[in-house]
Amino acid sequence: VSTTTAPTASKQAGSRNKVVATDRAIAENRLGQRLVAPALILMVLVTAYPMLQALYLSLFRYRLTTPDDKGFIGLKNYGVILTDSLFWKDTLNTVIIMVATVAVELVIGFAFAMVMHRIIFARGLIRTAILIPYGIITVVSAFAWQFTFSINNGWVNAWFTWVPGISSTTNWYGDHWHAMFAIMVSEIWKTTPFMALLLLAGLSQVSEDMLEAAKVDGATAAQRLFKVILPNMRAAIMVAVLFRALDAFRIFDNIYVMTRGAQNTESSSFLTYRQSIEQFQLGMGSALSVLLFLTVLLLAWLIVKFFRVDLAQARGEG
Amino acid sequence: MKSKIGPGAIAGFIVILVWCLLPVAWIISLSFKSLDETTTGSAQFLPKHATWDNYKVLLGFTSDKSTSHDFLAALRNSFGISIIATLLAVVIATLAAYAIARLDFKGKRIVLSLALAIAMFPVVSLVGPLFDMWRTFHLFNTWPGLIIPYMTFTLPLAIWTLSAFFREIPWEMEQAAQVDGATSWQAFRKVIVPLAAPGVFTAAILTFFFAWNEFVLAISLTSTTSSRTVPAQMSFFVGPDPFNPPYSQLATASVIVTIPVIIIVLLFQRRIVAGLTSGAVKG
C-alpha cells in the first residue's frame with residue numbers, strides 16, 4: 001500500500017529540492033559531514049595515531065628491558081630486518097599460506113555455493129551448518145584441529161592410515177610441511193564459509209535465462225560453467241579473493257595456538273608480535289609493524305590493480 | 001535448473017554438513033572424555049566413559065575453584081568487552097552509515113574507502129606501539145585498553161554493513177507518512193526505525209562475532225584475569241605439564257564459548273547471511 005504513495009512523495013521532495021537547491025545542498029553537506037565525523041575521527045585516532053607512533057619508534061634502538069639505552073639510530077632497524085633471513089623465511093611462509101588457503105577455499109567455496117544454490121530443502125540447516133565455522137572463535141578452531149592432528153589423541157592418524165604417508169605414528173607437529181598443512185587446514189575450515197557465502201551471492205546474480213539460453217544452444221556443463229557462470233561472477237570472485245587474501249596474510253591465531261611458530265611455521269604477524277611483546281624489542285618490533293603495514297598495502301594495491309576491482313563501484317556507490 | 005536435485009547435490013549437501021560439523025562434534029566428544037583418558041592418549045572418536053567432570057571443573061562445581069575462577073572471569077571479560085565494543089561501534093557507525101546512504105556530502109567516498117582500508121589493516125601492527133602507549137596512559141590490562149583498539153575493526157565493519165543495508169531502505173516512506181499527517185517523530189519511529197532495525201541488529205551480530213573472536217590484542221594488552229578474554233585465557237591454559245596440555249578441559253572450554261555462537265547462528269542465520277553478503281556484493 002505504502003509503496004504506491006512513495007513515488008509521488010519523492011517527486012514532491014524532488015521539486016522542492018530544485019527550488020532551494022543551494023541552501024539545502026549546503027545544509028545537507030554539513031549534516032553529512034557532522035554525522036560521519038565521530039566515526040572518521042575515531043578510526044583515524046585508533047589506527048593512524050599508533051601507526052605514526054610505530055613509525056617514530058622504528059627509528060630508535062629501544063628495548064623495554066633496557067629503557068635507558070634508547071637512542072636514535074635512523075633506518076638501522078630496517079636494515080637489520082631486511083638482511084635477516086628469518087624475516088624473508090616468515091614472509092615466504094605467510095605468502096605460501098595465503099596463496100594455498102585462498103586457492104583451496106575458492107574451489108571448495110565455489111563447490112559449496114553451487115550445492116547451496118541448487119538445494120531446495122533444508123536450507124536453514126545448511127545455512128546454520130556453514131555459519132558455525134564462520135562464527136566460531138579462531139582459537140577454538142585451532143584447538144579443535146590441533147587435537148585432530150594430535151599424535152595420540154587425534155582421529156586423523158586413526159582414520160587415515162590408508163592414505164600413503166599417514167600412519168598411526170605420524171607426528172604432524174614434527175616437521176615444517178606437516179605442521180604447515182595442519183595450520184592451513186584449520187584456516188581453510190574456519191574461513192571457507194565466508195568465501196562460499198560471497199560466491200553464493202554472486203552465483204544468485206547470474207541470470208537463469210542466460211544459462212537456459214546457453215543450454216538450448218548446446219553448451220556443455222563445463223562450457224556453461226567457464227563461459228557463462230564464472231565470467232558473470234567476476235566481481236563477486238574478486239571481492240572474495242581480495243577480502244580473504246588480505247585476511248589470510250594476517251594469519252596469527254592458528255599459528256600461535258597450534259605450533260607457536262615451531263618447525264619454522266612463523267608468519268609475518270607472528271614475528272612482529274614476538275619481537276614487540278615477547279622480546280620487548282619495541283624499536284625492532286615497530287619497524288616490523290611498519291613493514292607489515294606496507295606489505296599489506298602493496299598487496300591490496302596489487303590485487304586491486306591486477307584484477308581491476310573497484311569495490312565502491314561494485315556496490316553501485318560510485 | 002532448480003527443479004532437479006541430482007544425487008550430486010545431495011552428496012554435496014552431506015559433504016558440507018560433515019565438513020562443517022565434524023570438528024564441532026569432535027570437540028564436544030573430547031569434552032566428555034576424562035582428563036586421564038586424553039593424558040594417556042585415546043585415539044578413538046567417542047569417549048570410553050562419558051563424564052561431566054570437565055564441565056564441573058570449568059564451571060566451578062568442584063572444591064578446587066582455581067580453574068573455574070580464571071575461566072569464568074575470562075568469560076565475563078569477553079562478554080563485557082565484546083558487548084561494549086559492539087554497542088559503541090554500532091551507534092557511531094549508524095550515524096555515519098545514515099549520512100553515507102542518504103545524504104549528499106563531500107568526502108563520502110573517502111569515508112567508505114578509509115573504512116575499507118582500515119578493515120584490511122594488520123591489527124598486529126598496532127600491538128607494539130599500543131603496548132608502549134597503554135603503559136603510560138595506565139590503560140594496559142584494562143577493559144577500555146581493549147575496547148578502544150577494538151574500534152579499528154568493529155567500526156569499519158559496522159559502517160560497511162550498515163551503509164549497505166541503509167541504501168536499501170525506501171526513505172521516501174518517511175515523507176509519505178508525513179504527507180499522510182504523521183509528525184516527524186512519528187514518521188521516524190513508526191516507519192524508519194522498523195525498517196532500519198533489522199540492519200542495525202545484523203551489523204551488531206557481525207561486529208560482536210569479530211570482537212568475541214579477537215586474539216592478538218587480547219594476548220598483548222592484558223596480563224591478568226581482570227581483563228583477559230576467553231581466547232587469550234585459553235591460549236595460556238596449559239595445565240601443569242606443558243608437554244601434555246589438558247586436551248579434554250580445553251575442548252570443554254571450547255564447547256562452552258561456542259554455545260553463544262551456535263545460539264546466535266540458529267536464531268539469526270538468515271540475517272547473518274544477508275549481512276555478510278550485502279556488505280560485499282551488490283549490483
### Message
Taking the criterion of being away from chain B (no Cβ under 11 Å), under 29 Å from A:Asp253 (Cβ atoms) and surrounded by 12 or more Cβ atoms within 10 Å (Cβ to Cβ), would at least one residue in segment A:37-53 satisfy it?
### Response
no
#### Entry: segment B:149-193, residues that are surrounded by 21 or more Cβ atoms within 10 Å (Cβ to Cβ), farther than 26 Å from B:Ala85 by Cα and β-branched (Val, Ile, Thr)
B:Val191
### Members of segment A:92-130 found to be under 16 Å from A:Phe249 (Cβ atoms) and within 13 Å of chain B (Cβ to nearest Cβ), listed by number
A:Thr94, A:Met98, A:Val104, A:Glu105
### Message
If I ask for residues that are modelled with pLDDT of 85 or more and either under 20 Å from B:Pro246 (Cβ atoms) or buried (at least 21 other Cβ atoms within 10 Å of the Cβ) (or both), which ones from segment A:150-179 would you list?
### Response
A:Ala179
### Query
Among (1) more than 7 Å from every other protein chain (Cβ to nearest Cβ); (2) under 25 Å from the mean Cα position of the chain (by Cα); (3) buried (at least 21 other Cβ atoms within 10 Å of the Cβ); (4) of a type outside the set (D, E, K, R), which single condition is A:Phe87 missing?
(3)
### Query
Looking at this structure, is A:Arg274 at pLDDT below 90 and assigned to a loop (DSSP other than H, G, I, E, B)?
no
### Query
If you go through segment A:292-318 one residue at a time, how many are modelled with pLDDT of 80 or more and either crowded, with 18+ Cβ neighbours inside 10 Å or in contact with a Leu (Cβ under 9 Å, 6 or more places away or on another chain) (or both)?
6
#### Entry: Residues that are more than 9 Å from every other protein chain (Cβ to nearest Cβ), closer than 20 Å to B:Cys20 by Cα and among the aromatic types (Phe, Trp, Tyr), drawn from segment A:142-162
A:Phe149, A:Phe160
### Query
Taking only pairs six or more apart or across chains, which ones have beta-carbon atoms under 8 Å, a first residue in segment A:72-97 that is farther than 14 Å from A:Leu288 by Cα, and a second residue that is surrounded by fewer than 12 Cβ atoms within 10 Å (Cβ to Cβ)?
none
#### Entry: Odd one out for A:Met180 among (1) more than 21 Å from B:Met234 (Cα to Cα); (2) within 13 Å of chain B (Cβ to nearest Cβ)
(2)
### Message
For segment B:112-162, which positions are more than 7 Å from every other protein chain (Cβ to nearest Cβ), under 22 Å from the mean Cα position of the chain (by Cα) and of a type in the set (S, T, N, Q)?
### Response
B:Asn141, B:Thr142, B:Thr154, B:Thr161
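If I filter segment B:99-130 down to residues being outside any helix (DSSP H, G or I) and not β-branched (Val, Ile, Thr), which single residue comes out as nearest to B:Ala158 (Cα to Cα)? Don't jump to the end; show me each part of the working.
Residues of segment B:99-130 outside any helix (DSSP H, G or I): B:103-107, B:120-123.
Applying the additional criterion that residues be not β-branched (Val, Ile, Thr) yields B:103-107, B:120-122.
Values: B:Leu103: 18, B:Asp104: 20, B:Phe105: 20, B:Lys106: 21, B:Gly107: 19, B:Met120: 14, B:Phe121: 15, B:Pro122: 18 Å.
Top of the filtered list is B:Met120.
Based on what the data block shows, is B:Val57 in contact (Cβ under 8 Å) with a residue 24 or more places away in the chain and either part of a helix (DSSP H, G or I) or more than 22 Å from the chain's Cα centre (by Cα) (or both)? Before the answer, list the steps.
Details: in contact (Cβ under 8 Å) with a residue 24 or more places away in the chain: yes; either part of a helix (DSSP H, G or I) or more than 22 Å from the chain's Cα centre (by Cα) (or both): yes.
When the stated conditions are applied, B:Val57 passes them.
The values are calculated or read from the model by the stated rules, or taken from the named source; none is laboratory data. A quick note: this is a predicted structure, and the numbers were derived from the prediction, not measured. Backbone-built Cβ (ideal geometry, glycine too); neighbour counts: all protein chains shown.
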